[in-house]
Structure formats: C-alpha cells, structure tokens
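The values are calculated or read from the model by the stated rules, or taken from the named source; none is laboratory data. Predicted, not measured: the structure shown is a model, and the values here were computed from it. Cβ coordinates were reconstructed from backbone atoms using ideal geometry, including for glycine residues, and neighbour counts include every protein chain displayed.
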Amino acid sequence: VLVGAIIQPRGEPKFSSTTVTFKEIRYFREDIAKAIVQALAPNPIRQKGEHCRFAPCKVTCPLWTGPLLDLTAIIPAPGMHAFGQPTSADHPDAAAYGEYLSRAKVLVDMAAMFKKEIDEQMHSFLEAGGSIPGWRLKAKAKQRQWIDEQVVKKALKKLGFNEQEIWQKKLVTFQSADATARRRGVTIPDELRVAPPTTETTIATIDDPAPIVNRPQAVEQFRASLKLLTESK
Ligand code: SF4
C-alpha cells in the first residue's frame, strides 16, 4: 500500500492524503494507456466534464458549442421575475434561483470565452489582410505618458513645482524584487508581503482550495456570541 498526498499551502485543508494499492496503480496505468490509444484514433470519444474547464478545445468542441446556443438556460425559474431575485436564503424560490444562476453563469462564461477567441481570430485575420463584413482595424488607444523626464522636470519647475511635487519614490514591484532576489540568491521574507484583511468576497467554484466564506453561518455565530455576552451581564 502506498500513500498519495496533496499539499496545497494556500488552500484549506493544506494537506490531504489517501492510500492506494499497487493493484489500483496498475489498473490506472492500463486505463491511461487505453485512453491514449482511443484519443489518438480518428474521431475519439468526447466526454464533457470538469476536466474541460481550462481546455482550449472547448471553442470547437460540439459538446460545448451546442449547449452555448441553448438560451433557455437563462429563462428565469417559474415564479421568478426576469432578473428578479429572492432576497433571502429562506425565500421559497431561493433554491430555484440558485439553480438558475448556476446555469446562467455557465452560459455567460462560455459566451465570454467564445468572444475572446473570436475577437483574437478576427484580429489576426484582419492583420493578415483578410476582410470581415462590418469590421476593420484601427490604431489601438494607448495611455498617455510623460515625454523626456528632464524636459518635464524643467517645465514643472518653471511652473513652481518643488522636487517632492515632481519626483515620487516608490518601491519596486513584486516581480522586479523577485527577479533581483533570484539573481542575488536570497529569499524575501514572507512577512514583508501580506494581503490586507478583507471583508469583501468574490465567487469561486466549489473545488476552489480557498477557505469557504459562509455568511449565514457567520451571522449566526455572531448572534450566538452576542446572546452569550448579554446573558453573562
Ligand atoms: S472540450 Fe475538449 S476536453 Fe472537453 S469534451 Fe470537448 S474535446 Fe473533450
């Protein structure tokens, strides 16, 4: 028996493990070998799933391009107004609303992926001299920037700016500091770079390794602590 371990320093749990037998490893090797033979054959079987998440072949895969056209995914659930939303988790339509958001999210993410891919292909085609009805190339707008430093400095000084109002002393970026540290063969202590504490949240898929933020549970815990405090007076 062997032990397989997954270590994710930034995730929760940080460490997980499972036992695996030699027989299972042998079966796994056989399955992989069969899958490779199948994948290299003409018209291999496609199986839509979580493994497609970062697969670039989604753009041309019929299993993904077909459902993309299924706009019924964003038809609101019965009883819901279009884009209306139950405001609490115990609302009678809350479960249907959750399902609806999950379907709609898959749809819009797919649409966004297709948009990016199509935009890139249009751009390369037009750059290569191709013609697309209704579309053309234009110069990309760039952010304005100062002209020569010394010229700007003199001009600002003339306007009455002092040195501090002209020059700004800034720390280098993480990327630049990391490159210097590598060159010097030193390590930057972790405590020099910390993420500021936050109460804001963002959405993530259920397999994301980051700890889960459970708002209703946090509110319940706060209520319970408050009750204990008031009772102990
Ligand atoms: S998107 Fe790629 S990995 Fe997913 S089913 Fe289609 S071909 Fe297979």
**Asked** Any chance the stretch 68-85 includes a residue that's modelled with pLDDT of 80 or more and either within 16 Å of the ligand (Cβ to nearest atom) or on the phi > 0 side of the Ramachandran plot (or both)?
**Response** no
**Request:** State all residues of the stretch 12-34 that are among the charged types (D, E, K, R) and under 13 Å from residue 2 (Cβ atoms); if no residue qualifies, say none.
**Result:** 23, 24, 26
**Request:** Kindly check whether there is at least one residue in the stretch 28-46 that is modelled with pLDDT of 90 or more and in contact with a strand residue (DSSP E or B) (Cβ under 9 Å, 6 or more places away or on another chain).
**Result:** yes
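Can you name every residue in the stretch 1-23 that is farther than 26 Å from residue 208 by Cα and in contact with a strand residue (DSSP E or B) (Cβ under 9 Å, 6 or more places away or on another chain)?
1, 2, 21, 22
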**Message:** Looking for something touching a Phe, Trp or Tyr at 6+ places or on another chain (Cβ under 9 Å), assigned to a helix (DSSP H, G or I) and at pLDDT below 75 - is there at least one such residue anywhere in the stretch 118-131?
**Reply:** no
**Asked** When the stretch 30-47 is examined, which residues are found to be within 11 Å of the ligand (Cβ to nearest atom) and either in contact (Cβ under 8 Å) with a residue 24 or more places away in the chain or of a type in the set (D, E, K, R) (or both)?
**Response** 46
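So that you can scan it fast, the table gives a plain yes or no per residue for (1) under 25 Å from the mean Cα position of the chain (by Cα); (2) in contact (Cβ under 8 Å) with a residue 60 or more places away in the chain:
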{"position": "148", "(1), (2)": "no, no"}
{"position": "156", "(1), (2)": "no, no"}
{"position": "159", "(1), (2)": "no, no"}
{"position": "170", "(1), (2)": "no, no"}
{"position": "189", "(1), (2)": "no, no"}
{"position": "193", "(1), (2)": "yes, no"}
{"position": "200", "(1), (2)": "yes, no"}
{"position": "204", "(1), (2)": "yes, no"}
{"position": "207", "(1), (2)": "yes, yes"}
